[in-house]
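**Student:** Pasting a structure here, questions to come.
Nothing in this text is a laboratory measurement; each read-out follows from the coordinates by a stated rule. Not measured: the values here are computed from a predicted model. Note that each Cβ is placed from the backbone with ideal geometry, even for glycine, and that neighbours are counted across all protein chains shown.
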Amino acid sequence: MTDAPSSPEAVSPEQDESVLARIAADLDAAQSSRAPTRQPSEQLSVADAYRVQHSLLGLRERRGEQVSGVKLGFTSAAKMAQMGVSEIILGRLTDAMRVLAGAEVELGDLIHPRIEPEVAFRLARDVDLDDPTAQVEASVDAVAPALEIIDSRYDDFRFNLSDVIADNTSAAGFVVGPWRDLRASGELGNRAVRLTCDGRDRATGSTAAILGHPLRVLEAMLVLARRHRVPLRAGQVILAGAATEAVPFGPGCFEVHVAGVGSVSVAGSR
Ligand code: OOG
Ligand code: MG
């Protein structure tokens, strides 16, 4: 007897390119019109979901955006429980999503944004995905506190694993604080993480919530980048994934504090 298929990968047929392109176009339109869309009626395999993500990125690149990094999602139990998804996912960051430290973000440009505290790493060298001995950690030179603004393009911020991958893992904005030399920043495995709004605590946790240690995301990232052919290039930012639940991003000044790493803020404005 064989086991029943358990993952979307196992049960979903590959979709035609035209179906994938249509889903990408719907997601792109939802983002630009700030009107959320329905989850696709097709059940996508994980591989197809990354194809949709690539084509969504292609639409952004055709408008002149440039990739500035990658982000990991669902690397903490807090996020998995909040969203009901329990597999690590990879998304792409572009220069248009970058927000300067301390800057204001117009909330009306987003659908139903949330914000979450993150740790960022910086790649100092390209990673050769086809080199079986590639070591990402050796290619990372700096760490920084970061905030991620997520904004699902789906109604009610609800999705399944494949649908959130297709939607570029809800990526909408990111803010990176001052970089510190990774080798001089000490043990990163259990640093207190705090997200405040106008000085009041909104979420608290520890970097230990991120796969036990935030540097472990680098291995997970390499596996996903190889499988779904996501280039990893010198200078790119890597968001390790939120250590706590995301909170609604509304008016006010949101700040992340990562003990011994630093702080950075962003303001929501109407
Ligand atoms: C998906 C993105 C998850 C993280 O840090 O875990 C993520 C979502 O929650 O909408 O960015
Ligand atoms: Mg995140």
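**Student:** State to the nearest 20 debye the size of the charge dipole of segment 181-270 about its Cα centre, where the only charges are +1 on K and R beta carbons and -1 on D and E beta carbons.
**Tutor:** Around 380 debye, computed over segment 181-270.
**Student:** Net charge near residue 118, counting Lys/Arg +1 and Asp/Glu -1 over other residues with Cβ under 12 Å of its Cβ?
**Tutor:** 0
**Student:** Segment 219-270 to segment 166-215: how many Å between their Cα centroids?
**Tutor:** Measuring centre to centre over Cα atoms gives 7 Å.
**Student:** With +1 on the Cβ of every Lys and Arg and -1 on the Cβ of every Asp and Glu, and nothing else charged, how large is the dipole of the chain about its Cα centre, in debye rounded to the nearest 20?
**Tutor:** Computed charge dipole of the chain: roughly 540 debye.
**Student:** Roughly what % of DSSP beta bridges within the chain run antiparallel, to the nearest 5?
**Tutor:** 85 percent
**Student:** Continuing with this model, one more query. Give me Rg/Rg_expected for the chain, where Rg uses Cα atoms only and Rg_expected = 2.2 N^0.38 Å with N residues.
**Tutor:** The value comes to 0.96.
**Student:** Loop-only trypsin sites (Lys or Arg not before Pro) in segment 146-208, please: DSSP not H, G, I, E or B, and at most 14 other Cβ atoms within 10 Å.
**Tutor:** 158
**Student:** To continue, here is another question. Is there a quick way to get the dipole size of segment 119-270? I mean about its Cα centre, with the Cβ of Lys and Arg at +1 and of Asp and Glu at -1; what is the value in debye to the nearest 20?
**Tutor:** Rounded to the nearest 20 debye, it is 180 debye.
**Student:** What is the list of residues in segment 176-191 whose amide nitrogen lies under 16 Å from a point 7 angstrom out from the Cα of residue 125, following Cα to Cβ?
**Tutor:** Hits in segment 176-191 for residue 125 at 16 Å: 182-183.
**Student:** If you take the charge dipole of segment 155-248 about its Cα centre, with +1 on Lys and Arg Cβ and -1 on Asp and Glu Cβ, which of 188, 247, 166 is farthest toward its positive end?
**Tutor:** Toward the positive end, the furthest listed residue is 188.
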